[in-house]
Amino acid sequence: MLVPLVVLAVCAALVGGYFEVTHGFADYLQQTPSIAYLARQAPQPAATGGHREVMLTSAVIALAGIGLAAALYWPRRSAAADAARRAGQAVGFYQLSLRKFFIDEVYQVLLVWPGLAVARASDWIDQRIIDRLVNFVGRFPPAVGAAIRPVQNGLIPFYAVGMVFGLLVLLAAVLMGWGWLGT
Amino acid sequence: MDNWAILLQVAIFLPSAGALAIALAWPRKPEAQQAASRFLALAAVLLTFALSGLLVARFPAGSVEFAVSTGAFWFGDARGGAEIQFSLGLDGLSLWLFGLTSLLMITAVAVSWKAIDRHCRAYYSLLLVLETGMLGVFCARDIILFYVFFEATLIPLFFLIGVWGSSDRRYAAIKFFLFTLAGSLLTFLGLLAIVWWNYSQSRVMTFSIWELTSGLMRRPMPVPLQLAVFLALFAGFAVKVPLFPLHTWLPLAHVEAPTAGSVVLAGILLKIGGYGFVRFSLPMLPEATALLMPWLVGLSAAGIIYGALVALAQADIKRLIAYSSVSHLGFCMLGIFAANRLGIQGGVLQMVNHGLSTGGLFALVGMLYERYHTREIKDYGGIARRLPVLAFFMLLMTLSSIGLPGLNGFAGEFLLLVGMFQRAWAGSLGPLALYRAASVLAVFGVVLGAWYMLWLVERVFFGPLREPAVEQGQPSPPIRDLSAREVAGLVPLVVFIFWIGLQPSFFLNRMGPALDRLTAAAVRAAERGGPAGGDRFAETSIAKGDLGGVE
C-alpha cells in the first residue's frame with residue numbers, strides 16, 4: 001500500500017503546486033457554458049490570488065488532528081485497538097460513525113418496509129378483489145342460463161301448454177290491436 | 001399494386017404456408033416429425049423475417065405509407081358499393097410493430113426448440129398461423145380485414161396456452177379467451193358504427209380505414225355518439241393492452257402459457273390494443289379522446305403504479321414480469337393519451353421497446369425454468385456463478401426494461417414522459433392537477449420499476465449460490481449455460497435494444513409522418529380542451545385527404 005500512497009501524495013503535491021503557481025484552475029469552470037451563464041447572471045468579485053485564511057485554518061486543523069493522533073498512539077500502538085474496543089462497547093458518536101449513522105436502516109424503515117407493505121396490499125387487492133370481481137361478472141351468463149333452463153324440461157305436455165299460452169297471448173295482442181278488447 | 005405490395009402479402013402469408021407444410025409434413029416416425037416441424041418452422045420464420053426486414057428497410061423515410069395493395073375485392077357487394085377489400089399496407093405506425101413481430105417469432109421458435117416435445121406439428125403450425133394473424137393485424141387497411149386478423153390471433157393462442165401450458169392452463173386459456181372476446185365484440189360494434197356513420201353522412205359505403213379516417217375528420221360524429229363509440233372500441237382495446245383494472249387475465253395467461261406464448265403475448269399481442277387506439281380512436285373520435293383524456297390518463301397512471309407495486313410483491317418470476325408489463329403498458333398508454341406529438345411518438349416507440357425487453361425477459365425466464373423446473377424467486381440465489389451468460393442477458397434485458405440511457409427503454413420512456421409533462425405544465429386546459437399528479441406518479445413508477453427488476457436480479461443471480469433441487473425421479477442433465485441456439489434467439493433482440501437506444505431518430509423519423517397525420521385531429525381537439533364545431537376540421541389539409549398534409 002505504501003507505493004500507491006506515495007505516488008498519490010507526490011502527484012497531489014505537484015498538481016497543487018502547479019495550480020498555485022499558474023492559477024490555471026481560476027477560470028477553468030467558466031468554460032462550461034451553463035456555469036459561464038450563471039456567472040454572468042450573478043457577477044462575483046474577481047478572485048484575488050487565494051483565500052489565505054481558509055487555507056491557513058484548514059492546514060492548522062489538519063495538523064492539529066495529526067498531532068493529536070500522534071500524541072495518543074505513537075508511544076503505544078495498541079492504544080488504538082483499546083480505544084476502538086472501548087468505544088465499540090459504548091454508545092455514541094463512534095457507534096454512529098461505525099454504522100454509517102444508520103442511514104441504511106433509516107431507509108429500510110422509512111422507504112423499503114412501507115413500500116413492500118403497500119406492494120403486498122396491492123397484490124392482495126388484485127387477487128381478492130379485482131380478480132374476484134371479474135370472475136363474479138363471468139358467473140352472470142351461466143346464472144341466467146341456470147335460471148331459465150328448467151323451462152326446457154323435455155315434457156311434451158309442458159311445451160303444449162306453453163304453446164297454448166303463447167297463442168292466447170298473441171291472440172289477445174292482436175285483438176287489442178283491432179280494438180276488440182277494451183283499449 | 002407494385003412489387004413491394006406483393007412482397008408484403010407474401011411476407012404475411014408465408015408463415016401460414018409454413019404451417020400448412022408442417023401440418024402435411026411427411027415423416028411418420030415421431031422423432032423425425034418433431035425435427036421436421038422445428039426446422040420447417042425455423043425456415044418459415046427466418047424467411048418471413050428476411051422479407052419483412054427487406055420491406056422495413058426499404059420503407060422510405062418521411063413517407064406515410066408503403067407497399068400498399070388496394071382494389072382487391074374480398075367480399076361484400078361490389079356493385080352496391082359495400083366492398084370489403086383485401087387491402088394491406090405498411091405505414092409509420094405499423095412499420096416497427098410489423099418488424100418486431102417477425103423478429104420476435106425467431107425468438108419464439110428458438111425457445112420452443114427443446115421445451116416443446118408434445119404434439120410438435122400442431123404446436124408449430126399454430127405458432128405460425130398466429131404469426132400471420134399478428135402481421136396481418138398491423139397491415140390491414142380495411143376495417144373488416146383488421147377485425148378478422150384481430151380475432152384470428154385469439155384462436156391459435158387459446159390453443160397454445162390451453163394445450164402446452166403449465167398446470168392451470170385450461171382456466172387461464174378460457175379466461176384469456178372470454179375476456180378478450182367479450183371486449184372485442186363490443187369493439188366490432190364500434191367499428192361498424194364508424195362505417196355506418198360515414199355511410200349515413202357521405203352515402204359511400206366504405207370499409208377502408210384511411211377513407212373512414214378522412215371521412216370522419218370531414219364530418220365528425222356528434223360528441224355523444226363519439227363517446228359511445230369510443231367506449232365500445234375501448235372495451236376491446238383496453239382489455240388487450242391491458243389497462244388497469246382490466247388486466248387480471250394477463251398474469252394468469254403469462255404464468256400458464258408456454259415460453260413462446262408468453263414472448264409473443266407480451267411482445268406483440270398486447271401492442272394490438274395500443275395500435276387500435278392510435279389507428280381508430282384518436283383519428284376517428286378526436287373529441288371523445290379529448291373529453292375522456294382525464295380518465296384515460298388517470299387509468300394509465302394508476303396502471304403504472306399499481307402494476308409496479310403488485311410486481312414488487314410477487315414470488316414467482318414470471319408473474320413478476322407479467323405485472324411489470326401492466327406497468328410498462330401503462331407508460332405507453334400515458335404517452336398516447338397525453339395526445340401530443342412527443343407523447344404519442346414516445347408511446348408507440350415504447351410499445352416496440354417493451355416487446356423487445358419483455359419478450360427477452362420471458363424467453364430468459366423460460367430458459368431458467370427449463371434448467372431448474374421452478375419459477376419461485378426464493379429457490380434461487382447466485383445463479384450468475386453457474387450461468388454467467390444467462391445472467392448477462394438477464395441483466396441487459398433488465399436494464400433495457402428499466403430505461404437505462406443508451407438502451408431502447410430510455411428513448412421511449414423519456415419521450416413519452418416529456419409529452420406528458422408538456423400536457424400537464426405547458427397546457428392550460430383540463431384538470432391540470434390530475435395531469436400533474438399523473439406525470440409525477442409516472443416518474444415514481446420508473447423508480448418502482450428499477451426497484452422490482454433490480455431486486456429480482458439481485459435475489460436470483462447474485463449473493464450466495466443456491467440452486468433449486470431438480471425434482472426427484474426426473475433425469476437431471478448437468479445444468480449448462482445458454483446454448484448457441486438460445487443465444488441466437490436473444491441476440492437479434494439485443495441488436496435492436498442497442499440500435500433504438502443509440503439512434504432512436506432512425507426509428508422515430510419513419511413513424512413520425514404517419515403518426516402526425518393520424519393523430520392531428522386528436523392533438524388539436526386536446527389543445528382546444530374539448531369539442532368544437534366540426535367546421536374547423538374541414539379546413540385542415542388532412543380532412544381534405546391530402547396525403548402530403550403533414551404538420
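The values are calculated or read from the model by the stated rules, or taken from the named source; none is laboratory data. Not measured: the values here are computed from a predicted model. Please note: Cβ atoms are built from the backbone with ideal geometry, for glycine as well, and neighbour counts cover all protein chains shown.
General remarks:
- Number of the exception - B:PHE75 against (1) out of contact with any Gly (no Cβ under 6 Å at 6 or more places or on another chain); (2) surrounded by 12 or more Cβ atoms within 10 Å (Cβ to Cβ); (3) hydrophobic (A, V, I, L, M, F, W, C): (2)
- Verdict on B:LEU250 being within 14 Å of another protein chain (Cβ to nearest Cβ) and buried (at least 21 other Cβ atoms within 10 Å of the Cβ): yes
- Looking across the range B:297-307, just one residue is surrounded by fewer than 24 Cβ atoms within 10 Å (Cβ to Cβ) and either basic (Lys, Arg) or more than 14 Å from every other protein chain (Cβ to nearest Cβ) (or both), and that is B:GLY298.
- Selection count where residues are touching a helix residue (DSSP H, G or I) at 6+ places or on another chain (Cβ under 7 Å), modelled with pLDDT of 85 or more and either assigned to a helix (DSSP H, G or I) or of a type outside the set (A, V, I, L, M, F, W, C) (or both), scope the range B:456-486: 8
- Pairs, first more than 10 Å from every other protein chain (Cβ to nearest Cβ) in the range B:308-335, second part of a helix (DSSP H, G or I) and of a type in the set (D, E, K, R), C-beta under 7 Å, six or more apart: B:PHE331/B:GLU413
Residues checked against (1) hydroxyl-bearing (Ser, Thr, Tyr); (2) surrounded by 24 or more Cβ atoms within 10 Å (Cβ to Cβ); (3) over 18 Å from B:ALA521 (Cβ atoms):
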residue	(1), (2), (3)
B:LYS175	no, no, yes
B:ALA182	no, no, yes
B:ARG203	no, no, yes
B:SER208	yes, no, no
B:LEU225	no, no, no
B:LEU231	no, no, yes
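- If the condition is being modelled with pLDDT under 75 and either in contact with a strand residue (DSSP E or B) (Cβ under 6 Å, 6 or more places away or on another chain) or surrounded by 13 or more Cβ atoms within 10 Å (Cβ to Cβ) (or both), then the range B:38-72 contributes B:THR70, B:ALA72.
- Of the residues making up the range A:124-167, those that are within 14 Å of chain B (Cβ to nearest Cβ) and hydrophobic (A, V, I, L, M, F, W, C) are A:TRP124, A:ILE125, A:ILE129, A:ILE130, A:LEU133, A:VAL134, A:PHE136, A:VAL137, A:PHE140.
Residues are listed down the side, and each one gets a yes or a no for (1) touching a Pro at 6+ places or on another chain (Cβ under 9 Å); (2) assigned to a helix (DSSP H, G or I):
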| position | (1), (2) |
| --- | --- |
| A:VAL134 | yes, yes |
| A:ALA143 | no, yes |
| A:ALA146 | no, yes |
| A:PRO150 | no, yes |
| A:ASN153 | no, no |
| A:PHE165 | no, yes |
| A:LEU171 | no, yes |
| A:VAL174 | no, yes |
| A:TRP180 | no, no |
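For every residue, the table says whether it meets (1) assigned to a helix (DSSP H, G or I); (2) more than 14 Å from every other protein chain (Cβ to nearest Cβ); (3) closer than 19 Å to B:ALA438 by Cβ.
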site: B:VAL239; (1), (2), (3): yes, no, no
site: B:LEU246; (1), (2), (3): no, no, yes
site: B:SER262; (1), (2), (3): yes, yes, no
site: B:LYS271; (1), (2), (3): yes, yes, no
site: B:GLY276; (1), (2), (3): yes, yes, no
site: B:LEU282; (1), (2), (3): yes, yes, yes
site: B:THR289; (1), (2), (3): yes, yes, yes
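- Test: residue in the range B:360-370 that is under 24 Å from B:PRO464 (Cβ atoms), part of a helix (DSSP H, G or I) and within 14 Å of chain A (Cβ to nearest Cβ): no
- Of all residues in the range A:144-158 being surrounded by 10 or more Cβ atoms within 10 Å (Cβ to Cβ) and under 58 Å from the mean Cα position of the chain (by Cα), the one that is farthest from B:SER327 (Cα to Cα): A:ARG149
- Restricting B:LEU178, B:LEU189, B:LEU160 to residues that are of a type outside the set (Asp, Glu) and within 14 Å of chain A (Cβ to nearest Cβ) narrows the list to B:LEU178.
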